[in-house]
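The values are calculated or read from the model by the stated rules, or taken from the named source; none is laboratory data. This structure is a prediction, so every number in the text was calculated from the model and none was measured. Here the Cβ positions follow ideal geometry from the backbone for every residue, glycine too, while neighbour counts run over all protein chains shown. To get the accessible areas, we keep the full protein, side chains included, count just its heavy atoms, and leave off ligands, DNA and RNA. Shrake-Rupley method; radii C 1.70, N 1.55, O 1.52, S 1.80 Å.
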Amino acid sequence: MIDKTCQSSLSKFSLDIPTTKGSYPTRLAGKLINAVGRDLERLNNFDQAINVLEQTELPPARERCVRMYMKQKNFSQAQAFVTSILESPKNVSEQEVALRLAATLAKKRHLSHPKTEVLSIPERTITLNLSEQRVELAVLDSLTNKGWQSFYLENQFLNTLFGLAFWDIIFAPIDGAFINPYQRQPLDLYRDTFQTKRKHIIDARMAEIRTSGIRRFTSVLDDKFGLQNPFIVWDVVDREWIELAITTIPNHTLAALFETMLIDLKAYQAGMPDLIAFKANAWLWCEVKGPGDRLQNNQKRWMKIFNDLNINYEVCYVKSET
């Protein structure tokens with residue numbers, strides 16, 4: 001909420017950011033530009049907001065410009081920004097937003113546009129008693145009764161395996177990644193430089209995982225237990241489900257999932273199914289949706305990957321017993 005006493009001065013505000021050197025100062029400048037542009041937009045000062053936001057490509061600057069141009073019915077300028085994003089998206093989320101905006105713009109301009117591919121998702125609906133426990137645990141019990149060894153881990157299943165397998169790479173002494181001893185993660189963890197600066201060691205690690213899996217990295221459980229890692233929540237770490245994952249999930253599948261995460265660690269760190277279940281040599285990822293709940297965009301993002309990798313998953317819609 002913007003204080004009304006400062007609205008007048010803010011509406012006349014202009015921001016000129018001096019040239020920055022280095023990725024970290026440039027990112028900080030981009031955050032400042034986005035914050036100022038957001039407030040100007042909230043005041044409906046679209047022209048000034050766009051002038052400010054054009055000084056950075058840090059998301060969501062270009063997206064905001066598109067939306068403001070659309071409100072002004074300046075569809076040609078909006079299209080120029082959408083094209084810019086699609087040609088060089090800064091991350092997965094920005095690319096997905098640009099694709100949706102491109103479809104909206106085509107409709108407003110009465111232009112043809114390729115239809116969005118309909119995502120085929122395996123679904124089932126069951127009725128359970130939800131009066132005594134949350135819906136995810138009710139489905140977990142249902143799977144257990146069918147012979148599955150089931151765990152309610154949400155994002156922590158794959159994140160934990162990634163954190164174990166890439167621990168030394170995450171904390172590698174890369175120039176500029178750590179500037180004080182109290183950091184829980186490298187400064188560039190969620191930027192494209194994370195991969196580019198570590199490409200040779202990441203490529204070597206991926207090759208090893210495809211060949212030998214991740215068993216040797218479980219030594220981290222003893223060596224690093226309790227230490228902070230941006231991908232690991234120690235309270236849910238258990239050798240039982242880690243062992244089941246190692247012995248059940250093919251190495252090439254696990255490597256492909258890690259490769260997906262590395263495309264955009266921020267985007268792909270969330271949106272994974274609630275439950276992971278194992279039975280014999282099979283495994284199942286199960287997303288649970290209670291009454292009135294629906295899939296989010298980050299969940300659909302992962303399900304498209306699951307389809308591409310032929311991973312066994314489902315969305316379980318639960319109806320409550322009356």
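Observations on the structure shown:
- Global geometry of region 34-182, whether rounded, prolate or oblate, following the gyration tensor of its Cα atoms and the 1.5 cut on a/c: oblate
- In this structure, Asp308 and Glu87 have a Cβ-Cβ separation that, at R0 = 30 Å, corresponds to a calculated FRET efficiency of about 0.80.
- Probing with 1.4 Å while keeping every protein chain in the model, the per residue accessible area of the chain equals 55 Å².
- Sites Arg184 and Leu221, calculated FRET efficiency, Cβ-Cβ separation with R0 22 Å, nearest 0.05: 0.75
- For Lys224, the aspartates and glutamates whose Cα comes closer than 12 Å to its Cα, not counting residues fewer than 8 places off in the same chain, are Asp168.
- Among the protein heavy atoms, those of Thr127 account for about 80 Å² of accessible surface (1.4 Å probe, every chain in place).
- Histogram of C-alpha separations across region 115-231, 10 Å bin width, %: 10, 28, 25, 22, 13, 1
- For region 102-176: rounded, prolate or oblate by the Cα gyration tensor [a/c cutoff 1.5]: oblate
- Using a probe of 1.4 Å, the accessible surface attributed to Tyr317 totals some 60 Å² when neighbouring protein chains are kept in position.
- Helix runs (DSSP H) in the chain reaching 30 Å along axis by Cα, Kyte-Doolittle at least 1.0: none
- GNM result for the chain, Cα springs below 10 Å: residue of Ser84, Ser112, Ser23 fluctuating most strongly: Ser112
- Option label - semi-axes √(5λ) of the Cα gyration tensor in Å computed here, alternatives (i) 39, 27, 19; (ii) 31, 22, 19; (iii) 27, 25, 18: (i)
- Residues of region 274-307 with amide N under 18 Å of the 7 Å Cα→Cβ point at Lys107: 297
- Overall form of region 222-307 per C-alpha gyration tensor (a/c, 1.5; a/b vs b/c): rounded
- Listed by chain and number, the aspartates and glutamates whose alpha-carbon sits under 18 Å from that of Lys90, ignoring those within fewer than 8 places in the same chain, are Glu54, Glu57, Glu63, Asp188, Asp192, Glu259, Asp264.
- With every protein chain in place, the chain: carbon and sulfur % of accessible area (1.4 Å): 50 percent
- Placing unit charges on the Cβ atoms only, positive for Lys and Arg and negative for Asp and Glu, gives region 76-203 a dipole magnitude near 500 debye about its Cα centre.
- Integer Hz, Karplus 6.51/-1.76/1.60 couplings in order for region 167-175, x for Gly and Pro: 3, 5, 6, 4, 9, 5, x, 7, 4
- Antiparallel %, DSSP beta bridges [both residues in region 167-322], to 5: 55 percent
- Cross-link partners of Lys279 among lysines (Cα-Cα below 18 Å; sequence separation of 8 or more within a chain): Lys146
- Put simply, region 53-136 fits an ellipsoid with semi-axes of 36, 18, 13 Å; these come from the alpha carbon gyration tensor as the roots of five times its eigenvalues, largest first.
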